[in-house]
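Notes follow once the structure below has been shown.
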Amino acid sequence: NLFGKGYESVYLFAKNRGFSSKLMEKFKLGAIFDRENGFGLVIPVFKPSLYYQIRWIQWDETKLFPKYQNPKGKKVSPAIFSTNSEITLVFESLIDAMLVHEVTGHTTLAAMGANLKDQDLAFYKEVLIIPDQDEAGNRQFGLKGAYKKIPLPRGYKDMGKLIESKGLELVGIYLKKMLDHKLKSPTKTQEDS
């Protein structure tokens with residue numbers, strides 16, 4: 001119902017975040033209206049089993065409901081968008097992982113607020129993390145190992161803000177250049193770890 005009458009605000013939110021109509025259909029995004037919580041973007045999550053996460057659109061910053069909501073009884077776990085790529089990019093946000101997966105073709109993993117474990121990443125050949133510029137990002141999603149990081153350009157708090165500002169295509173070009181640079185670095189520097 002994302003394209004249905006009455007859900008225009010959710011459609012515009014998804015569009016502003018970087019989803020084209022084609023991507024909204026591909027990822028099977030939906031919309032919901034709840035009298036208590038307002039409008040929400042419904043995102044299917046397929047790990048560990050299918051469930052729907054809701055990204056609420058908050059017009060009123062004083063509302064007490066969380067920005068993201070999972071159905072009762074569903075434990076938050078990382079979400080993976082997989083390809084045959086040898087490169088895996090790790091994000092905090094589900095939406096960022098979805099969009100970057102689409103624009104780069106690389107496997108992406110969204111921590112989704114869950115603490116990742118280093119063994120979760122042991123199957124991937126080359127792992128790079130793209131943390132938000134905040135306390136959670138500084139904690140490196142709970143990972144203890146040394147990983148190369150792709151920094152965000154100065155002035156951007158997270159990948160979502162960069163996509164909203166510059167567009168998905170330019171973000172894809174930026175990430176390709178940063179990946180080329182980081183993967184050519186023979187060792188992990190202090191800045192990378």
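Values as computed for the structure displayed
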item	result
Lysines whose Cα lies under 16 Å from that of LYS72, excluding same-chain neighbours fewer than 8 positions away	LYS47
Among the listed pairs LYS28/LYS74; LYS67/LYS177; LYS144/LYS177, those beyond 24 Å (Cα-Cα)	LYS67/LYS177; LYS144/LYS177
Accessible-area order (highest first, 1.4 angstrom probe) of the listed residues VAL103, VAL42	VAL103, VAL42
Cβ-Cβ FRET estimate between GLU169 and LYS15, R0 fixed at 22 Å, reported to 0.05	0.90
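The values are calculated or read from the model by the stated rules, or taken from the named source; none is laboratory data. All figures in this text were calculated on a predicted structure; none of them were measured in a lab. Every residue, glycine among them, receives a Cβ derived from its backbone with ideal geometry; neighbour counts consider all protein chains shown. Accessible surface is based on the protein model in full, side chains and every heavy atom, while ligands, DNA and RNA are left aside. Shrake-Rupley method; radii C 1.70, N 1.55, O 1.52, S 1.80 Å.
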